[in-house]
Structures are given as C-alpha cells and as structure tokens.
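The block underneath contains the structure these notes are about, expressed in structure tokens.
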Amino acid sequence: MTLYRKYRPQKFSEITGQNHIKMTLMHEIEEKSIAHAYLFCGPRGIGKTTTARIFAKAVNCLNQKNGEPCTVCDNCRAMQENRAIDLIEIDGASNRRIEEARDLRENVRFLPSVFPYKVYIIDEVHMLTTESFNALLKTLEEPPKHAIFILATTEINKLPKTIVSRCQRFDFSRAGIEDIVKRLSEISQKEKRIISNDGLKRVAKAAGGSFRDAEGILGKLFSLGDDKISDETVDVILPRQSTDQLLKILSGIIQKDARQAILTLNEAIDGGTDAGELLKELIEFSRKLMVLKSAGAQELTEFFDVEIEAEKELITLAEKSTEKQLVKILDNLIIAQGRMKLVDIPQLPLEMAIVELTSE
Ligand SMILES: [Zn+2]
C-alpha cells in the first residue's frame, strides 16, 4: 500500500493545514447547517478528496462530536473499508459518457440505503462532458434533502459558472515546505525510518506543495534504503543540481557570454544532469532573480529557501540585469521547456534559447 493511502487522515484533526476549511466544515456539521453542494478547488495532492471523505463520514457518523467523525461506528467503518453504498465516488476524468450523467440523475432520487445522507464526491469535476454538466446542474437546482454533492477540481476556470454559483466554495492552498516536512517526519517515525531533516526538506521541495507527491517520493526512498536513509540514497532519487553550474549558466546568459553558458550546460549534461530538470531549476532561479530585482533582497530570503552563498551570487546577478531582460529570459526558457519534448536532443531547445538571449 502506498504511504499516501496508508496514512490518509481519517479525521479533520489529522489533516495538516487548511485550517479555515476544516473549522468551517466542522462547524456546519455540528450545527447541522449542511449545504447540498460544496466545491473544493486547488492544486492536486493537497487533500481535497481526503477532506471530502472525512466530511462524508462526519455527516453520517452515529457518534459525531464537534463535527468530527468517531471513526469506529458502523457507518464510519463502512466508509473506511470502502464498502459504503451511500458514498458514491465519481471520477470526472473517466466518467464522461452521457448515460452516466443520466444515471446520476436517476440515482440521486433514491433514498440512501443505510446512511442519513447519500454523498456524491465528484473528483476532477471539470472533466465532465457538457451533457453531464447539464444533468448535474439540474440535480443541483433541486437537490433532494438526502443528497450532498462535493465537487473537487484542480481547474476551477473550466467549470460552468452556473455550477460554481450553486456550491459553497472552498479554496485549498498549496502546502508549505514546513507543513510537508512535519508530515513526512511523522510518517518516517511511524515507519521506524530515520532520514535527515535536510533530506525531508529536499523531498518536500521536489513535491512542489503536494502531500501526495511528497509521500510518493518518500515511499520510493523507503523502498530503496535501509532503516536509515542516507543523503546518498536521497541523491539517487533526487539528484542534486549543482547550484554553481546553474548560476554560471544564468550569469553567462545575463552577461551575453554564450560560450560560458553553453559550455557549462554541456558539462552539466555530460555529468548526468537531466536537461529537463536543469531547465526547471533555471526557470526557478530566473524567477527568484526577477522577484529579487523588483521586490528587494528581503523578499528573497523570506519566500525562497536558497543557500547563503547562492543568495550573494543572485544579488550580484540581479544588479547586473534589468527587469525587462529577466522577463525575456523567462519567456525564452519557458518556450524551450515546451519544445524539449519535441526533439531528440533534450538540451537543444535550451542551447537555442541561450544563443538567442546572448546574441542581441
Ligand atoms: Zn462514526
């Protein structure tokens, strides 16, 4: 079983972060002022579906206290063991047929079999077809008393406004590095594994704010290493980009020294660095430079976790560049990123970007 599933929170109190959402939902459950449709939006892997399941459990729990499910009554256990017929989970990405939309409308009318509420969790709801949206909208216009809909999406902009306006909306935020590290460290302890805080930090950073991705990487590390996960094991899964090389490439671009930038780039590739990862880091560094340039050094330390040495170098580079130039660099690097999948020589688009940026 994956760590993400094994350690999936079973109560609101076990969810890391998203405090205002947890408090509002628990309050509504406690006060029995439950809405018929909820919309959970935000990036992937940050607990939208987990929260939806806990909510479904809490509204149906036989011993619900302060909005929390008890996790031990028949109803709670049925849901935890995935055998609750009144909890209907639909994946918007795979349920795209018209018949299923009709099924939904039919199905909603029937009373729940066991639970007080029939709860529909529709994941990736933005992927539904127009027909399904229409069926859903009709249902949301006159929802039966016994039905609760929880719609989850990573792309709120793709949802029809008519649907959004009928839901109580919650915006889930990306998890911070510290929150993820805290959670990874708890899991490591439960699994009786030892891994350095620096290692956990690297995992958290690589996961880009997603608990699911972070726990996926941690699982890989556990499967590779012994009880004690060494920094070398972390290096295998998350190769270190040499900060020196990144800064050298960037400084070559800014000072229009194509030779320095391209030689360093190829040195890095020959040394085993993945061109895509390198480009990702280059974009991240250029972004830091741009923020540094427009907001000042204090912002850099507060928002970005960079090593002190790299910070000094970045400040020097910021002084040598203009905001306009940095936007241009980012522009070109992002274009190169899109092209990378199209060519057989992965570093070629990056080399082209360097030549273009240094030749004006
Ligand atoms: Zn219960």
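Looking at the range 14-25, which of its residues are more than 19 Å from the chain's Cα centre (by Cα), surrounded by fewer than 20 Cβ atoms within 10 Å (Cβ to Cβ) and touching a residue at least 40 places away in the same chain (Cβ under 8 Å)?
24
The rows are residues; the columns are (1) closer than 18 Å to residue 44 by Cβ; (2) not aliphatic (A, V, I, L, M).
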residue	(1), (2)
81	no, yes
84	no, no
137	no, no
157	yes, yes
161	no, yes
168	no, yes
177	yes, no
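If we keep just the residues of the range 133-166 that are open to solvent by less than 40 Å² (accessible area, probe 1.4 Å) and of a type in the set (S, T, N, Q), which is farthest from the chain's Cα centre (by Cα)?
Among those residues, the one meeting the criterion is 139.
Looking at the range 1-79, what helices (runs of 4 or more DSSP H) fall wholly within it and have at least 3 residues that are in contact with a helix residue (DSSP H, G or I) (Cβ under 7 Å, 6 or more places away or on another chain)?
Those helices (runs of 4 or more DSSP H) span 19-30, 48-60.
Restricting attention to the range 53-71, which residues are near the ligand (Cβ under 8 Å from one of its atoms), open to solvent by less than 20 Å² (accessible area, probe 1.4 Å) and over 18 Å from residue 19 (Cα atoms)?
Selection gives 57, 60, 61.
Would the range 208-216 turn up any residue that is hydroxyl-bearing (Ser, Thr, Tyr) and open to solvent by less than 30 Å² (accessible area, probe 1.4 Å)?
yes
The values are calculated or read from the model by the stated rules, or taken from the named source; none is laboratory data. Only a predicted model underlies this, so the values are computations on that prediction, with no experimental measurement involved. Note that we place each Cβ from the backbone using ideal geometry, even for glycine, and neighbour counts take in every protein chain shown. Accessible surface is based on the protein model in full, side chains and every heavy atom, while ligands, DNA and RNA are left aside. Shrake-Rupley method; radii C 1.70, N 1.55, O 1.52, S 1.80 Å.
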